[in-house]
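Student: My structure is below; once you've seen it, I'll send some questions.
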Ligand code: CTP
């Protein structure tokens, strides 16, 4: 059996991994079973990036949600009736926690009755087999894949298969979901699912989709990696009319969406993942102007999202003026503006205006300035003995400034600049001439020491005549002239105790 836990952990970001550990801890403490379910497991199995982490708990997840809130999670949707909580967890991880539930339809298309259930029942009530998958996070079965409807086989066949003949009748929004999954994953519908889909269209079920459900689908499409592909699927099946009757004829601004995708690529190339949801909504619906905002309102799109879409073109124009103007002529000024602007707005401005001057500043930011900023030599400055604090920060900023001006690009130059800004002086270098002089002086003083010591020793021994003779020839005592030069006083001093040589004694006697 493949080790899904290993696979999962290796694909999660550090923040997602921390969340995974935390929910397991909480579930164990509260003695509930918890599972990672739906999209995250599907994406894991087919090698796609994991976006949201959705957890299903057998029991009430309320207490767990409160604990997670204490750790910094924010609740975005709180549906007490369904015990379903959408959250932005600590570390900005998107996801949800829900109670496992089953749904019963008195007749196809009626409002479902709901009851709390096991995870297996919860998986079976879902829309498509590829979504009806889970991984156990519980101590006794950790890493076990739950796949009661054989979704793994459909992932391999690259097919979207509905789990019931009533899948679309019960929830017509699943028609749009099926199209979205096909577009996203480049899958086709399984044959029987296609028949159920066609039958539903024949019966006009698409016209019965509730507006808030369409609004949710519009938001989901805007969050897609390739929203244009999804919208084209909608257009092909006349589903743009479900968003607004005029959109099917006027069509989304596909050119704008292509430019947006290109602008996003430039960021992705340096490892910055941007999801320009607001810009996508704008290009999706701009042809409905001046009714764009009211259309979104009818679809129950959150007010904050509507306001963002409305303000987007104005904000982008202001940014453009700033990046085109003299206020951002210098690299430092341009860096400050760009680094404080949300990436989504930068991407949209590039897509909307395609201004070469503004675009080249953004390119410089991505390819040169930001890497410099990320690699500032803080360790090197610490190693130079500068303690952390305001002065440290000032030196680093000065260095960054210099680098933006094209200086300090080699390690040697960086060290030089850091020392200069921190006021660290190098010890003055001694010239070769000075060194020679110093060595000469040392020699002289050694010789003088020898002379003095030997003279004393000879005097002590009463050999004045020998000493006088030696000094006349060499300037050094006769004794030291015959002995190898002694550099170190202690050894010379030791010699003081040696007896006068026989030759010296003979001379004295003469
Ligand atoms: N679901 C369903 N019927 C719907 C909507 C959702 O059965 N009308 C189920 C699906 O099984 C899905 C789960 O609820 O896996 C969670 O829904 P959602 O978050 O919308 O989908 P994800 O599978 O997480 O996909 P995405 O990658 O788009 O987030």
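Student: Just to be sure I understand the filter: pairs with C-beta atoms under 7 Å, separated by 6 or more residues or on different chains, first member in region 125-148 and not assigned by TED's automatic domain parsing to the domain that holds residue 32 and outside any loop (DSSP other than H, G, I, E, B), second member at pLDDT below 95 and surrounded by 22 or more Cβ atoms within 10 Å (Cβ to Cβ). Which pairs pass?
Tutor: Filtered contacts from region 125-148: no entries.
Student: Does residue 127 count as farther than 16 Å from residue 55 by Cβ and surrounded by 15 or more Cβ atoms within 10 Å (Cβ to Cβ)?
Tutor: yes
Student: Let me ask another. Exactly one of these conditions fails for residue 38: (1) within 12 Å of the ligand (Cβ to nearest atom); (2) modelled with pLDDT under 95; (3) at positive phi. Give me its number.
Tutor: Tallying (1) within 12 Å of the ligand (Cβ to nearest atom); (2) modelled with pLDDT under 95; (3) at positive phi, residue 38 fails exactly one: (2).
Student: Follow-up. Condition (residue is part of a helix (DSSP H, G or I), closer than 23 Å to residue 163 by Cβ and in contact (Cβ under 8 Å) with a residue 24 or more places away in the chain) applied to region 72-83: is it met by at least one residue?
Tutor: no
Student: Out of (1) under 17 Å from residue 7 (Cα atoms); (2) more than 11 Å from the ligand (Cβ to nearest atom); (3) within 22 Å of the chain's Cα centre (by Cα), the odd one out for residue 45 is which?
Tutor: (3)
Student: Follow-up question, since we're still on this one. Out of all the residues in region 284-303, is one or more outside any helix (DSSP H, G or I) and closer than 24 Å to residue 356 by Cβ?
Tutor: Looking for residues that are outside any helix (DSSP H, G or I) and closer than 24 Å to residue 356 by Cβ, one finds none in region 284-303, hence no.
Student: Taking helices (runs of 4 or more DSSP H) that do not extend beyond region 160-243, which have at least 2 residues that are within 10 Å of the ligand (Cβ to nearest atom), within 33 Å of the chain's Cα centre (by Cα) and within 25 Å of residue 125 (Cβ to Cβ)?
Tutor: The qualifying helices (runs of 4 or more DSSP H) are 173-185, 211-222.
Student: Does residue 153 fit the bill of being near the ligand (Cβ under 10 Å from one of its atoms), under 30 Å from residue 21 (Cα atoms) and out of contact with any strand residue (DSSP E or B) (no Cβ under 8 Å at 6 or more places or on another chain)?
Tutor: Taking the combined requirement at face value, the residue does not satisfy it.
Student: Let me ask something additional. Are any of the residues in region 42-61 crowded, with 22+ Cβ neighbours inside 10 Å, assigned by TED's automatic domain parsing to the domain that holds residue 16 and within 22 Å of residue 190 (Cβ to Cβ)?
Tutor: For region 42-61, residues crowded, with 22+ Cβ neighbours inside 10 Å, assigned by TED's automatic domain parsing to the domain that holds residue 16 and within 22 Å of residue 190 (Cβ to Cβ): present.
Student: Follow-up question, since we're still on this one. If I filter region 55-76 for residues that are within 14 Å of the ligand (Cβ to nearest atom) and within 19 Å of residue 12 (Cα to Cα), do I get at least one hit?
Tutor: yes
Student: Further question on the same structure: Check whether at least one residue in region 77-89 is within 13 Å of the ligand (Cβ to nearest atom) and touching a helix residue (DSSP H, G or I) at 6+ places or on another chain (Cβ under 8 Å), and report yes or no.
Tutor: Yes, region 77-89 contains at least one residue that is within 13 Å of the ligand (Cβ to nearest atom) and touching a helix residue (DSSP H, G or I) at 6+ places or on another chain (Cβ under 8 Å).
Student: Let me ask another. Among residues belonging to region 106-123 that are under 22 Å from residue 189 (Cβ atoms) and more than 10 Å from the ligand (Cβ to nearest atom), point out the one that is nearest to the chain's Cα centre (by Cα).
Tutor: For region 106-123, the residue satisfying everything is 109.
Student: Still on this structure, I have one more. Conditions first: (1) more than 20 Å from the chain's Cα centre (by Cα); (2) within 30 Å of residue 420 (Cβ to Cβ); (3) modelled with pLDDT of 95 or more. Residue 321 passes all but one, so which condition is the exception?
Tutor: The single condition residue 321 does not satisfy is (2).
Student: Would it be correct to say that residue 98 is within 14 Å of the ligand (Cβ to nearest atom) and more than 20 Å from residue 22 (Cβ to Cβ)?
Tutor: The answer is no for residue 98.
The values are calculated or read from the model by the stated rules, or taken from the named source; none is laboratory data. Fair warning: this is a prediction, and the values are worked out from it, not measured in the lab. Here Cβ is always computed from backbone atoms with ideal geometry, including for glycine, and neighbour counts include all displayed protein chains.
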